[in-house]
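**Q** Here you go, one structure.
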Amino acid sequence: MLNKAKLRTELSLIYENHEFRACNGALTLFQFFMENNLQSTFTETVTLLKILVATPMTTAESERCFSTLKRIKTFLRNTMTQDELNALAMLSMEKKLVTNIPDFNKKVIESFATQKDRRAKFLYK
């Protein structure tokens, strides 16, 4: 996946340069590369930094998602379709985003109240 010889050369250049050493952390170094348009010069290092930035440090986020799913899927909701379960899980996991939507609860209640068969068709993206 990575060319070790090229990566070693790029990293030795980075360690020798004071501007690069001023960056404290993978994210700041990655941002430095992007801001200065150096991604074509340091291709292997940028690839490595993308992997480092995208990889979670712990499994806490995924464990939190499974725990949320467990709370949602109770005994009474086992008849729920997969789409409805996914929509509820997404709402629960993205709680901060949902709270920033103005009048979200009011809109959901109005949408539910206007449906005749009382089965809301919630869309999630």
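Taken together, the values in this text are just the output of simple stated rules run on the coordinates, not laboratory data. None of these values were measured; they are calculated from a predicted model. Heads up, the Cβs are rebuilt from the backbone with ideal geometry, glycines too, and the neighbour counts pull from every protein chain shown.
**Q** What number comes out for the charge environment of residue 50, summing +1 per Lys or Arg and -1 per Asp or Glu over other residues with Cβ under 15 Å away? Before the final figure, lay out each step's value.
**A** On the way: positive: none; negative: 10, 44.
Overall, the nearby charge balance is -2.
**Q** Relative to the compact globular guide of 2.2 N^0.38 Å, what is the alpha carbon radius of gyration of the stretch 1-111, as a ratio?
**A** On the way: Rg = 22.0 Å, N = 111, 2.2 N^0.38 = 13.2 Å.
Rg over 2.2 N^0.38 Å, computed on Cα atoms: 1.67.
**Q** What aspartates and glutamates could a cross-link reach from residue 4, if we take a straight Cα to Cα line under 17 Å and drop same-chain neighbours fewer than 8 places away?
**A** Candidates past the 8-residue exclusion: 44.
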